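Here the structure comes first, spelled out in structure tokens, and everything after it is commentary.
Derivation of every value follows stated rules applied to the coordinates shown; laboratory data play no part. Quantities reported herein were computed from a predicted structural model and do not represent experimental measurements. Cβ sites come from the backbone with ideal geometry, for glycine too, and all protein chains shown count toward neighbours.
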């Protein structure tokens, strides 16, 4: 099947989300932490827009849902973990916690993709696109706050895979 025939206008915004996540990763590895964190927030903007546009244009479909989840894993799972890794060069425990966080994000997204319920079960991974830029801002004022990121990764990971019912905000 031709990929272009599957793509809808809303999917362009999903690709924008993915590109923000990838650029965030690349910039973090280059030491451009401010821009890396800012791109996480822009990824959220694209993620919200893709859903809104898909709804307005009646373009919601399984293809869009799949690519949205893949983009979200990069932008709101892998990118925050790489930002932390680039900022701190953590030891093995920090790496394990970051891997746990990313794995929980993947599991949460997979569960979302196979359920049809309204709202969310577990904290949406997109929350990380707001949380970690805010934590980065806190870090710029209070560098010692970076020591708490592993605990936040652990808590966020558990919240993402929890069975808490959460209503949609956007």
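Checking (1) 65; (2) 55; (3) 50 against percent of Cα pairs over 19 Å apart calculated from these atoms, the matching label is (2).
On the basis of the beta-carbon distance and an R0 of 25 Å, residue 88 and residue 130 show a calculated FRET efficiency of 0.75. Between residue 154 and residue 66, the contour length at 0.36 nm per residue exceeds the Cα-Cα span by 29.1 nm. At full extension, residue 99 and residue 111 could sit 2.5 nm farther apart than now, given 0.36 nm per residue minus the alpha carbon distance. Springs between Cα atoms under 10 Å define the GNM used for the chain, and in it the highest mean-square fluctuation of 21, 31, 122 occurs at 31. Distance between the pseudo-spin-label points of residue 140 and residue 9 (7 Å out from Cα toward the beta carbon): 3.5 nm. Compared with the dominant principal axis of the Cα atoms in the chain, helix 92-114 is inclined by about 10°. The spacing between segment 137-151 and segment 76-94, judged by their C-alpha centroids, is 12 Å. The relative contact order of the chain, computed from alpha carbon pairs under 8 Å that lie at least 6 residues apart in sequence, is 26 percent. Residues of segment 6-21 with an amide N closer than 12 Å to a point placed 7 Å from the Cα of residue 56 along the Cα-to-Cβ direction: 10. Largest GNM mean-square fluctuation across 128, 147, 17, computed for the chain with C-alpha springs under 10 Å, falls on 147.
Can you give the helix-only mean residue ellipticity at 222 nm for the chain, where every DSSP H stretch with n ≥ 4 adds -39500 (n - 2.57) and the sum goes over all residues, rounded to the nearest 500 deg cm²/dmol? Write down the numbers at each step before the final one.
Values: 8 runs with 121 residues, N = 170.
Helix contribution divided over all residues of the chain: -23500 deg cm²/dmol.
Counting only alpha carbon atoms, the long axis of helix 62-73 and the longest principal axis of the chain meet at about 10°. Shown for 84, 112: other C-beta atoms within 10 Å of each C-beta, ranked fewest to most, produce the order 112, 84.
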